[in-house]
Structure formats: C-alpha cells, structure tokens
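> What follows is a single structure, and I will ask about it in a moment.
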Amino acid sequence: MIPELGHVALIAGLLLSFALATLPIAGSYTARPLWMAAGRPLAFGVFAFVLIAFACLTIAFVQSDFTVDYVAQNSNRILPVYYKITAVWGGHEGSILLWLLMQAGWAAAVAMFGRQLPPELSARVLSVLGMVLIGFFLFILLTSNPFDRTLPFPPVEGSDLNPLLQDPGMIFHPPLLYMGYVGFSVVFAFAIAALLGGHLDAVWARWARPWTGVAWAFLTLGIALGSWWAYYELGWGGWWFWDPVENASLMPWLVGTALMHSLAVTEKRGLFKSWTILLAIFTFSLSLLGTFLVRSGVITSVHAFATDPQRGSFILAFLAVVIGSSLLLFALRAPTVSARSVFSFRSLETFLLGNNILLILIMAMVLTGTLYPLLADALNWGKISVGAPFFNLFFVPLMVVLCLLLGMGIHANWKSSRWDKLLGAWRLPFLTALAVALLWPLAFDHYHWGAVLGIFIGIWVMAASVTDIAVKTRNAKSFIVGLKRQRASYYGMHLAHIGLAVTVLGVVLSTVYSVEKDLRMGAGDSYQVAGYDFKFDGVRLVQGPNYHAFEGILQLSRDGELLGELLPQKRNYFSGGNPMTEAAIDTGLLRDIHVALGEPMERTNPSGDWAVRLQYKAYVVWIWLGALLMAIGGGIAVADKRYRKATAARSVESAQVPGTLAAV
Amino acid sequence: MSRLKLFLPLFIFIALALLFWRGLFLEPQEMPSALLNKPVPAFSLPKVADNHQIVRKEDLPREPHLLNVWATWCIACRVEHPYLNALAERGVPIVGVNLKDDEKAALAWLEKFHNPYRFSLADREGRLSLDLGVFGAPETFLVDAGGTIRCKHVGIVDDKVWQTKLQPLYEKLTTQRWEEFADDLSDSLLSRCQ
C-alpha cells in the first residue's frame with residue numbers, strides 16, 4: 001500500500017509540474033497576476049509530493065519490503081538500519097528520486113526566498129524549473145520507477161546494498177553532489193527567464209549570483225567527499241582516477257567556477273552579458289550530460305549504474321530538448337551589440353576573461369578525454385582508451401597558468417590598473433612564494449623541482465590573497481576596523497582562493513613525497529617506512545553485522561613511542577561478491593598513514609604471511625581541507641548582505657518590466 | 001552576421017548529440033564481437049617479464065581458457081583482479097593481454113596483487129587488442145581448446161558474471177566439443193556472449 005502511495009504521489013507531482021511549467025509563464029505574458037502568483041504554491045506542492053514519495057520509499061527500505069523490486073535489489077534484512085536508509089539512493093531508481101527531491105527542493109527554495117523578485121521574472125524562473133521537473137518526473141515514472149513490485153512472487157531476502165556503498169561517506173556524497181548539479185538549474189532558469197524577458201542586465205547577474213554560489217559550494221563538497229571516499233574506501237590510497245563519473249562531476253564544477261567569475265563581471269561592470277548567459281546554460285547542461293554519460297552505458301566506468309538503452313534514449317531526448325531549445329533561444333535572443341564600456345589590458349576584466357578561457361579550456365580537455373573513446377569508436381578510428389597520462393598532461397600546465405593568473409589578477413582594478421601598482425603588488429607575494437618554494441622541500445628526504453614549482457604556485461595564490469587583505473586594511477584606523485569595512489563576499493572570495501592553494505599544496509606534496517611499500521609480513525615482522533615503525537601482530541577473524549573479516553593488527557610507532565594501533569580489514573560480505581579492502585588510516589594534518597591488507601600469501605593459510613601495503617601520504621588531507629575552505633568561502637560570499645537588501649531598493653526598477661516586455 | 005555566430009554553441013551541441021545518439025547504439029557493454037566463433041587472430045608478442053621470449057598463437061593453452069585484457073592504468077582491472085586470482089586458484093587457465101602498459105608497472109602490479117595468469121602478453125601498441133576488437137580494459141574472452149573465441153565479456157568479471165555467463169560454457173567446453181552442445185544452448189546465454 002505504501003509503495004503505491006509513493007507512486008501516486010509521483011504522478012500527482014508530475015501533474016502539478018505541468019501546471020507549474022505553464023501557468024505562471026503564461027500569466028507573465030498575458031499580465032495575469034493570479035496566474036503568476038500560482039507559481040509559488042505550485043512549487044511548494046510539487047516539493048511536498050516528491051517528499052511523500054521519498055518518505056514512502058524510505059519506509060519500504062526500513063521495513064525491508066522485498067515486494068518492491070528496488071528494495072529487494074539494494075537491501076537485505078541484516079543490513080544496519082542507517083545503511084537501509086542510505087540504500088534509498090544506492091541504486092539508479094532511488095538516486096533519480098533523490099535528484100527529483102533536490103530539484104523540487106530548489107524550486108521551492110526559489111519560491112520561498114525569491115519573494116522580492118519582480119513577479120514576471122519569478123513566474124518565468126519557476127516555470128522553467130517546472131519544465132525541468134517534468135523531464136525528471138517522466139524519466140522516473142517511465143523508465144526508472146523505484147516502486148515497481150515483484151509480485152506475485154517476492155523474494156524472501158534482498159540481495160544487499162553494494163558493499164562499496166556501505167560507508168558513512170556514501171551517506172552524504174550523492175546528496176551533496178546532486179545539490180550542486182541541481183542547484184545549477186536555478187541559475188539556468190534565471191538565464192532562460194532573462195533571455196525570454198530580453199532584460200539582460202547587471203540586475204540579472206545580481207539575482208543569479210547567490211544561487212550559483214550555493215550550488216557551487218555544494219558541488220565542491222560533493223566532489224571532495226567523493227574523492228575522500230575513493231581514498232579510504234577503494235582501498236589503495238588513490239584519490240582521483242579521471243574516471244568518467246568523476247569527470248562528469250568535475251566538468252560542471254569547472255564551468256560553474258567560470259560562471260561565478262563571469263557573473264561578477266556582468267554584475268559589477270555590465271560586461272560579458274551573452275557569455276555569462278551561455279555559461280549558465282553550459283553549467284546546467286554539463287550536469288545533465290554527466291547524468292547521461294553515467295546512466296546510459298555510453299561510456300563504461302567502475303562507478304557505472306546498471307545501464308539501459310531505454311534510459312539512455314530518454315535522457316538523450318531530454319538533453320536535446322533542454323539544451324537544444326535553450327541554445328536556440330540563446331542564438332535568437334542574446335544581445336549582439338557589444339557593451340560600450342571599454343577596459344584596458346591591465347584590468348581585472350582581462351584577468352577574469354583569462355580565468356574564463358582557461359577554465360573552459362580545461363573543461364574542453366576533460367570532455368575530450370572522456371568522450372574520445374566514444375568518438376573514435378563511432379568514427380571507426382579504432383578502439384582507444386584514454387587514461388590518466390592524457391589528463392595530467394593537459395590539466396597540470398593549464399592549472400599552473402590559471403593559478404599564476406589568479407595571483408596576478410587579484411590585485412588588478414576594474415577598467416584599468418597602473419603597471420607600477422600592479423608590479424608593486426606582485427613583488428612581495430612573488431618573493432615569499434619563491435623563498436618558501438625553495439626552502440620547503442629541504443624539510444623532506446629528497447629535493448624535487450616539481451615540488452618547488454608546485455609549492456611556488458600554492459604559496460603564490462595564498463600570499464596574493466593575504467597581501468590583498470593587508471593592503472585593503474592598511475588605511476583604516478586599526479586592522480580590525482579595516483577588516484570590518486570589507487564585505488562578506490570579499491572574505492568569501494579570499495577564503496576560497498586560499499582553499500584552492502591548500503588543495504594545490506596537498507596534491508603536489510602528496511604526489512611527490514608519499515612513500516608506498518608493498519610487503520610480505522608475518523606475525524612479529526617489523527618494517528620502517530618514512531621514519532614510522534610498523535609492527536605486524538598477525539591477523540584475526542572479526543564479525544561484522546553483515547560480513548566477516550580478516551583484521552590485521554599493526555602497531556604504529558615512531559622513535560620508540562607508540563602512536564596507535566591500525567586495524568585494516570579484508571571483508572567478505574554474506575551477500576557474496578568480491579572481498580572488500582577496508583584500509584586503516586591514521587590521519588594527521590601533515591601526513592596520513594594508510595595501511596591496507598592484501599591477500600594471504602598462501603590462500604589456504606590465513607594465519608600465515610600476508611601481503612600488506614604500507615603508505616605514508618604526505619599532506620594528503622590538505623586536498624580535502626582546501627576543498628572544504630573553498631566551499632565555506634562560497635557559503636560566506638553568498639551570505640553577503642547586499643544580495644538581500646539590494647532587491648528592496650530595486651522594486652522601482654522592476655516595476656518597469658511589463659513596459660519593456662510590451663516593447664519586446 | 002554576429003547573430004549567426006551565436007548559433008555556434010547550438011551547432012556544436014547538435015554534433016555532440018548525434019555522436020551520443022550513435023553511441024547509444026554502439027553499446028560498449030554488448031558490442032557484438034566480429035570474432036565470436038572465429039579463431040583468435042594470429043599474434044607474435046613478447047611476454048611480460050621476459051622480453052626475449054616471443055609467444056605466438058600456437059602457445060595458447062590447448063584447453064578451454066580465458067583471455068583477459070588488463071592494464072595497470074585501468075581502475076576496473078584492480079577491482080577485477082582478486083576474482084581472477086580466485087579463478088586461477090580453482091584451476092581456470094587465464095592468459096593475460098597487458099594492453100598499452102609500462103613493463104615495470106605491469107611487473108610491479110603482478111607482484112603486488114598476485115599473478116593469476118599462466119603468462120601475460122605485452123601488447124604495447126595494442127595491435128592484438130585492436131584485432132580482438134577490444135573496447136577497453138578489462139575485457140575477457142572465453143577461448144576453447146582449438147583456439148576459437150566462444151564468449152566475450154566487456155567489463156569486470158565477478159562472481160555473478162562467471163556463474164551466469166562464462167562458467168556454464170567453460171564447463172561444457174572442458175568435456176565436450178562446441179559443436180556437440182552448441183545447438184542446445186539457450187538463446188539468452190548465447191546472445192549475452194557477443
């Protein structure tokens with residue numbers, strides 16, 4: 001009964017979405033305030049129905065209702081209850097339902113926080129979101145219904161959630177990632193509404209900025225969490241694999257980052273108008289494209305969901321409608337007249353343009369690498385696999401240039417800056433970065449010029465931000481007064497840039513200075529890696545709720561001082577499948593100690609010697625710490641007061657919107 | 001003129017969409033292998049670990065075996081590897097095709113993760129893999145005693161794939177000739193083998 005209720009709620013949500021997609025926008029063209037005002041309650045209604053459907057599926061999981069096919073495939077009775085709940089989005093159907101929940105949630109958020117928007121704009125934004133919602137409702141109802149029953153012969157026991165997903169990181173990774181993907185639909189809807197209204201001005205950008213920032217912050221967290229999960233759960237200490245699924249999340253992030261910077265130019269200077277609109281369309285398009293690539297089976301990946309050509313065709317058709325029609329609208333309505341205001345070569349505009357070009361280049365490179373095997377195959381050029389070497393070859397140099405530009409551009413002014421001022425501002429960060437870069441590698445066991453370059457880049461970005469804050473507070477009465485004078489968005493920006501620098505440092509240092517040893521160890525053996533002593537005390541059998549495992553016991557010490565016990569596991573889940581490697585990690589700010597248990601050297605004798613992998617990962621945690629700082633920076637920037645109070649002052653301006661509409 | 005320029009993103013997208021449309025029907029998971037029921041193409045490649053020893057098609061095991069395409073740059077192969085170890089332990093002969101890989105990395109991998117292969121061919125330029133119609137790694141072929149490809153699997157071989165797809169054929173092939181039982185095989189099994 002409950003699953004049917006969920007199914008009916010989805011159908012009701014679909015019907016409301018049809019109303020949401022048509023009524024408010026029709027009202028905006030026919031000047032019917034009541035129709036436009038309907039957008040808000042309709043958005044809340046859609047959200048409520050999706051929430052009901054989501055709750056129904058969750059109940060089915062908690063009650064282990066194996067008459068529901070999706071539950072039977074992704075859960076079983078002995079699964080701990082918290083994993084039963086996360087199993088709701090552990091498979092394809094449920095993750096689409098989660099996506100739908102987020103999509104409806106964002107629409108409801110726009111309805112809630114967008115009260116001060118001019119009614120026409122608000123109506124159109126909500127209608128565009130309604131159209132996107134229709135697509136996802138149809139997708140789930142026609143191809144991926146999580147409420148399908150297995151009646152009349154339900155299985156007695158379910159088959160279990162993929163053990164790789166039975167992990168706390170998995171509880172938050174998909175929701176954060178989807179919050180980001182779907183969040184970009186809001187700025188997309190704003191862009192489409194702006195194109196429809198022909199009102200492409202700085203005001204548009206100001207409204208869109210906070211939404212973009214929130215979505216970007218979520219996506220940053222989602223990607224970082226996914227990478228961290230891969231690091232400790234996949235068991236071999238890598239944190240980025242250039243896997244198609246990872247690339248699918250990186251591409252909207254790159255373009256979303258470009259979009260945030262371009263929106264700043266549009267808001268502050270009224271420039272790059274068409275370009276910003278195009279980026280907004282691109283960002284959401286790439287989010288959708290990622291879903292297509294992952295779920296259609298067009299590209300094979302370790303993460304791949306069960307693939308299905310019917311689903312692939314549907315998503316492709318959906319992509320064609322959403323992206324095709326918005327790009328057509330863009331081609332027809334984007335302003336062709338370039339803005340009158342000019343900027344010199346030495347201006348902030350130039351640097352931000354450089355930022356945009358580089359980010360788009362990097363995205364194009366990632367897209368090419370991801371799609372190349374498909375393209376080569378379609379054109380009969382042979383079968384080609386693209387691996388990490390290709391991506392690193394392009395990604396690393398482009399990132400270096402991007403970071404160099406960042407450190408330079410942050411001191412530039414709008415319109416134009418004086419050479420002497422720019423050079424003066426660059427000198428101190430340059431010298432600091434150079435000094436640190438030359439000295440820091442001395443602290444490690446070997447000197448490495450790649451590390452020098454990497455550290456220089458990281459410190460250069462960091463020092464540039466610190467210098468800028470120092471300069472901006474210099475003329476105030478006191479440092480604190482000076483600090484208070486700056487806006488939240490200013491600090492958000494610097495925090496995010498410092499976060500980028502921290503991530504860069506983490507990547508460089510962990511890549512260059514990590515040590516990895518694969519050893520054969522028997523009980524009582526000791527080994528030293530990077531100054532740490534590992535004593536292997538053998539393997540014992542432990543029992544988990546739905547698995548049993550061999551657990552290695554290692555004493556970690558340094559200079560005779562015991563630091564702790566590491567307990568890596570090799571798990572066999574009762575539901576079958578490959579054994580899972582659970583690494584034991586001792587995390588520190590400056591290094592991680594990562595221990596993974598391999599296989600017993602003799603298969604029949606688990607109490608004998610084992611293959612053990614000991615890793616010393618220098619500064620690896622900085623990679624995710626930096627991402628966290630970036631996300632917090634994004635969040636702080638959004639909290640800027642001017643996004644909230646600005647709208648009140650603009651009500652006069654917005655009153656003119658119907659007039660301009662008539663002219664269009 | 002400047003309006004035309006704005007159509008550029010749309011055109012690029014249409015081109016991409018056509019590619020995806022084509023991609024949907026390529027179905028890498030079940031791309032029909034032109035080589036099904038055809039002999040393994042002739043090759044002459046060095047062994048991983050021993051550059052001087054050249055292996056030819058005639059050196060493949062004279063019994064039903066698996067031909068597994070792997071590489072150290074392939075993440076999925078790492079996931080698959082423990083299962084191959086288990087299969088080898090059970091006595092299933094496996095020959096590796098090490099695709100476009102670095103010799104040292106490949107050796108280190110085999111040492112690190114255990115070597116389930118009778119031997120691995122160093123297919124550095126990917127010629128053999130190309131002839132086999134390999135889409136990516138990992139990919140596994142079931143080859144009979146006479147050197148003819150009887151089944152193909154794209155992606156990771158795990159317990160489920162082995163039990164439902166490869167094992168039924170493998171076990172029959174160990175006792176009977178293909179022609180003796182091929183007609184009795186279910187269509188669903190055969191169609192999955194392509």
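> Once a ≥ b ≥ c are taken as the square roots of the eigenvalues of the Cα gyration tensor of chain A, is the result rounded (a/c under 1.5), prolate (a/b larger than b/c) or oblate (a/b not larger than b/c)?
oblate
> Also: If we count other beta carbons within 10 Å of each Cβ, what is the order of B:E180, B:E80, B:E139, A:E599, fewest first?
Listing B:E180, B:E80, B:E139, A:E599 from fewest to most nearby Cβ atoms yields B:E180, A:E599, B:E80, B:E139.
> Now a separate question. Whole-Hz Karplus ³J(HN,Hα) for segment A:359-371, in order, using 6.51 cos²θ - 1.76 cosθ + 1.60 and θ = phi - 60°, x for Gly and Pro?
Coupling constants for segment A:359-371: 4, 5, 4, 4, 4, 4, 5, 5, 4, 4, x, 6, 8 Hz.
> If you keep only loop residues by DSSP, which chymotrypsin sites (Phe, Trp or Tyr not before Pro) in segment A:571-612 have at most 16 other Cβ atoms within 10 Å of their Cβ?
Those satisfying the criteria are A:F574.
> How many Cβ atoms of partner chains, on average, are near each residue of A:532-540 if near means within 10 Å of its Cβ?
Rounded to a whole number, the mean comes out at 0.
> Also: Let a ≥ b ≥ c be the square roots of the eigenvalues of the Cα gyration tensor of segment B:34-192; is it rounded (a/c under 1.5), or, if not, prolate (a/b larger than b/c) or oblate?
Prolate.
> Loop-only trypsin sites (Lys or Arg not before Pro) in segment A:44-135, please: DSSP not H, G, I, E or B, and at most 12 other Cβ atoms within 10 Å.
Hits after loop and neighbour filter: A:R77, A:R115.
> Which of the lysines could a cross-linker span from A:K641 if the Cα-Cα distance has to be under 29 Å and same-chain partners fewer than 8 positions apart are dropped?
Answer for A:K641, where 29 Å is the Cα cut-off: A:K268, A:K273, A:K415, A:K472, A:K477, A:K484, listed by chain and number.
> With a point put 7 Å past each Cα toward its Cβ, work out how far A:R77 is from B:R3 in nm, to one decimal.
7.0
> Inside 10 Å of the C-beta atoms of A:616-624, what's the mean count of C-beta atoms belonging to other chains?
Partner Cβ neighbours, averaged per residue: 0.
> Let a ≥ b ≥ c be the square roots of the eigenvalues of the Cα gyration tensor of segment A:1-166; is it rounded (a/c under 1.5), or, if not, prolate (a/b larger than b/c) or oblate?
Here segment A:1-166 falls in the prolate category.
> If I model a spin label at A:R474 and B:R90 as a point 7 Å from the Cα along the Cα→Cβ vector, what separation in nanometres do I get?
Placing both labels 7 Å beyond Cα along the Cβ direction yields 7.3 nm.
> Taking neighbour counts of Cβ atoms within 10 Å as a proxy for exposure, in what order, fewest first, do A:D640, A:D420 appear?
Lowest count first: A:D420, A:D640.
> Here is a follow-up. Residues with amide H under 5 Å of A:E599's amide H, sequence separation 5 or more or different chain, H placed in the peptide plane at 1.01 Å from N; which?
Amide H to amide H, under 5 Å and 5 or more residues apart or across chains, A:E599 pairs with A:A611.
> Quote to one decimal, in nm, the extra length available between A:L541 and A:L151 on full extension: 0.36 nm per residue of separation minus the C-alpha distance between them.
Taking 0.36 nm per residue and subtracting the Cα distance, the gain is 136.4 nm.
> Please give the length that would be gained between B:Q167 and B:R22 if that part of the chain were fully extended, namely 0.36 nm times their separation in residues minus their C-alpha to C-alpha distance (nm, one decimal).
Net length gain for the segment: 48.9 nm.
> Longer than 31 Å from Cα to Cα, which of B:K112/B:K165; A:K421/A:K617; A:K84/B:K152 are they? Say none if no pair is.
Pairs exceeding 31 Å: A:K421/A:K617; A:K84/B:K152.
> Output wanted: per-residue J couplings in Hz (rounded whole) for segment A:245-256, from phi through Karplus 6.51 cos²θ - 1.76 cosθ + 1.60, θ = phi - 60°, x for Gly and Pro.
3J(HN,Hα) across segment A:245-256, in whole Hz: 5, 5, 4, 4, 8, 6, 4, x, 5, 5, 6, x.
> Residue separation times 0.36 nm, minus the C-alpha to C-alpha distance between A:M112 and A:L398: what's the value?
98.9 nm
> Along the charge dipole of segment A:310-464, Cβ charges K/R +1 and D/E -1, which of A:L428, A:S326, A:G407 sits furthest on the positive end?
A:S326
> Determine the distance separating the Cα centre of segment A:2-36 from the Cα centre of segment A:96-172; give it in Å without decimals.
Value for the Cα centre distance between the two parts: 16 Å.
> Additional query: For segment A:89-98, what does the Karplus curve 6.51 cos²θ - 1.76 cosθ + 1.60, with θ = phi - 60°, yield as ³J(HN,Hα) per residue in whole Hz, taken in order and with x for Gly and Pro?
Those phi angles translate into 10, x, x, 4, 4, x, 5, 5, 5, 4 Hz.
> Along Cα→Cβ, 7 Å out, is where each label goes; now give me the distance between the ones at A:R427 and A:V321 in nm to one decimal.
A separation of 6.2 nm, rounded to one decimal place.
> Would you grab the residues whose amide H sits under 5 Å from the one on A:R591? Only those 5+ places off in sequence or on another chain, please, with H modelled 1.01 Å from N.
Result for A:R591 returns A:Y619.
> For A:W419, A:W440, A:W414, what ranking results if the residue with the fewest other Cβ atoms within 10 Å of its Cβ goes first?
Fewest-to-most ranking of A:W419, A:W440, A:W414: A:W419, A:W414, A:W440.
> Averaged across B:77-88, how many Cβ atoms of other chains sit within 10 Å of each residue's Cβ atom?
Rounded to a whole number, the mean comes out at 3.
> 5 Å is the cut-off here: which amide hydrogens, built 1.01 Å from N in the peptide plane, fall below it relative to B:S120, excluding neighbours closer than 5 in sequence?
Residues meeting the amide H criterion: B:V48, B:G96.
Just so you know, all these numbers are worked out from the coordinates, no wet-lab data involved. Given the structure is predicted, the values throughout are model-derived calculations rather than measurements. Don't worry about glycine lacking a Cβ; one is built from the backbone with ideal geometry, like all the others, and counts go over all protein chains shown.
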